[in-house]
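The structure appears right after this line, and notes come after that.
The values are calculated or read from the model by the stated rules, or taken from the named source; none is laboratory data. Given the structure is predicted, the values throughout are model-derived calculations rather than measurements. Please note: Cβ atoms are built from the backbone with ideal geometry, for glycine as well, and neighbour counts cover all protein chains shown. When the accessible area is computed, the model is the full protein with side chains, heavy atoms only, and any ligands, DNA or RNA have been set aside. Shrake-Rupley method; radii C 1.70, N 1.55, O 1.52, S 1.80 Å.
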Amino acid sequence: KYSVQSLACYRGVEDHDWRVACEALVGWRELHNQHKVQSLATGRDHPNPHVRRCALESIAASWDGLILTSHHDEVLALIETAADLIDDSASVRAALLEAKGAAMASLVASPLAAPDMDWRDWNLATSERYRLEDATARIGLVKLWARQTKSPHRFAALNELAHDVDLRVAEAALEAFGKLPPAESRTALHGFLEHPDNGLRLAAVTALAE
């Protein structure tokens, strides 16, 4: 049985206008029932990259609610299948990394939490699968590592990303530093206060002020 909201989102994902489909996927973030997985799968496989991105972003945004239901294993399978496809769109790959980060952070047996899994090895293995030569995809990697609150490698991974050659990636990493414990991030952030780029100095100041 559908609620009014679920029915609107379920039908909306199949709309011929990608904007309607995206809005419907956003609507699913606060809803958790047996129809959600089907809608997310429809969005993940949509021909329009905006819709595929929205589906994966909705998975990331609603993951905490999903682990309280019986559907998180099904959604995890959606993430893994999407990873195997290696999407042509960098924004979709970035959203996929964020969704994977949300899932991994909630799993007790997360590879990122294993002390023998060095972050450099993990990033290298990830590079080919997610085509991290694209800066947009690396911003997704920033979001993945930002979620790994139990990983001993989170700071090191974000610190390297803060020195990325693309300033957009570096700014995203500095913003993520603002969510870390001050003892971890303060020294690194102070090092950017004299950076020649205005955007990075601003990102560092903003992160320190949080």
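In table form, for the structure just shown:
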quantity	calculated
Loop chymotrypsin sites (Phe, Trp or Tyr not before Pro), the stretch 1-31 (other Cβ atoms within 10 Å of the site Cβ: 16 or fewer; DSSP)	TYR2
Rg and Dmax of the stretch 3-96, Cα atoms only, in Å	12.0, 35
Solvent-accessible surface ranking, highest first, for ARG93, ARG53 at 1.4 angstrom	ARG53, ARG93
Cut-off 11 Å (backbone N to label point 7 Å along Cα→Cβ of GLU14), residues of the stretch 28-54	39
Residue-averaged 222 nm ellipticity for the chain, from DSSP H runs of 4+ at -39500 (n - 2.57), nearest 500	-20000 deg cm²/dmol
The chain: Cα Rg divided by the 2.2 N^0.38 Å rule of thumb	1.07
C-alpha long axis of helix 49-61 to longest principal axis of the chain, angle in °	80
Extension reserve of the LYS150-GLU210 stretch, reckoned as 0.36 nm per residue once the Cα distance is removed	19.5 nm
